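Notes follow once the structure below has been shown.
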Amino acid sequence: MEGGLGAGNATSAASLTSVTIAYLPRTTGRQSPPSRSARRSNFQRPFTGDDSAVAGLDDATRRPGQVDSNNGSASVGRRMYQKGLQTLQWKAEDEDGDRLLYSLLYRREGEVEWHELRSGLTDAVFVWDTATVADGRYIVKVVASDASANTADRALAGEHESDAFDIDNTPPLIATEIDRTGGTIRVNVTVRDAESVIDHVDVAVGGGGWTTIYPTDGVADSRTERYQIMVKSEAELARMVVRAVDVMQNTASQPVVVR
């Protein structure tokens, strides 16, 4: 749950901007890990002949192998996902029916200065390759102008700011430590992420399937989580791999280092 709650003391410089609650549902037979979805979505252009066509993708954003059927339409097709690409979509109307041009600006939360992201857009959709900026929390502003249909002294513009949203393209860090006390083998795993909450952690042995493991406190609800894995043998330990995924779907995996 997230909400925009202000600080109770109006004279205080600090303020509360959001509240997040994580929970683990009561077992009802088949248990699934608690999860918070923060996946970045993109949309295909409708009725294109190429599955790689992304709505709102321009020449400056396009990566090798990606195309965009730029037909001037703001409509989108089916939802898709590509790492690092964030779709921005808005709606604007002009009572006179004038053609609108859009400019996008962005700033990091806490900053004052706006930076131009793109200008001269005719579609009300744009795909931002967020790998071009540092991880953090950002706000985007869209400015709509009818200057293309009016003289300079009659042109008007309107603007709107988005809610703050997270940009995180960096995978979590995984650290493992082996404990052999008491004649048993345990792998203590610590997963840390600088920006996002840990979504889930899995373990696999020797090319087998992934098995989800749970934090020692029961719920994945923070940017640092700790896990413990019971291991049957040294041979199993030598072939064990740990995978960690944050809520932005950044993924890291590494073998357990045997010492």
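The values are calculated or read from the model by the stated rules, or taken from the named source; none is laboratory data. No experiment lies behind these values; they were computed from the predicted model shown. Positions of Cβ are generated from backbone atoms using ideal geometry, with glycine treated the same way; all protein chains shown enter the neighbour counts. What goes into the accessible areas is simple: the full protein's heavy atoms, side chains included, and nothing from ligands, DNA or RNA. Shrake-Rupley method; radii C 1.70, N 1.55, O 1.52, S 1.80 Å.
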_Residues in the stretch 80-107 reached by a label modelled at ASN150 [backbone nitrogen below 16 Å; 7 Å Cα→Cβ]_ = 92-103
*asked:* Using 0.36 nm times the number of residues separating ASP98 and GLU236, minus their current alpha carbon distance, what extension gain do you get?
replied: 42.9 nm
*Residue-by-residue Karplus 3J(HN,Hα) for the stretch 148-160, coefficients 6.51, -1.76, 1.60, Hz, glycine and proline x*: 6, 10, 9, 6, 4, 7, 10, 5, 10, 9, x, 9, 8
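Once you have the Cα-Cα distance between SER119 and SER222, take 0.36 nm times their residue separation minus that, and quote the gain in nm to one decimal.
The span from SER119 to SER222 would gain 33.3 nm if fully extended.
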*Among the aspartates and glutamates, select those whose C-alpha is under 17 Å from the C-alpha of LYS141, and discard any that sit fewer than 8 residues away in the same chain.*
GLU93, GLU109, GLU111, GLU113, GLU116, ASP123, ASP129, GLU159, GLU161, ASP163, ASP166
_Not counting ligands, DNA or RNA, and with a 1.4 Å probe, what is VAL256's accessible surface area in Å² rounded to the nearest 10?_
10
_Under-5 Å amide H pairs with ASP246, H placed in peptide plane, nonlocal only_ = ASP199
*Which whole-angstrom value gives the distance between the alpha carbon centres of the stretch 151-187 and the stretch 197-241?*
21
*Residues with amide H under 5 Å of LEU117's amide H, sequence separation 5 or more or different chain, H placed in the peptide plane at 1.01 Å from N; which?*
LEU104, LEU105, TYR106
_For ILE213, solvent-accessible area (1.4 Å; no DNA, RNA or ligand), Å²_ = 30
*ASP163 versus THR251, label points 7 Å from Cα toward the beta carbon: distance in nm?*
2.8
*For the stretch 86-94, Karplus couplings with θ = phi - 60° (6.51, -1.76, 1.60), whole Hz, Gly/Pro x*: 10, 7, 10, 9, 8, 10, 9, 10, 10
_Given a 1.4 Å probe and heavy atoms of the protein chains only, how would you sort MET248, MET230, largest accessible area at the top?_
MET230, MET248
_Karplus (6.51, -1.76, 1.60) ³J(HN,Hα), θ = phi - 60°, over the stretch 216-233, in Hz, Gly and Pro reported as x_ = 5, 8, x, 9, 7, 9, 9, 7, 10, 10, 10, 9, 9, 10, 8, 10, 6, 7
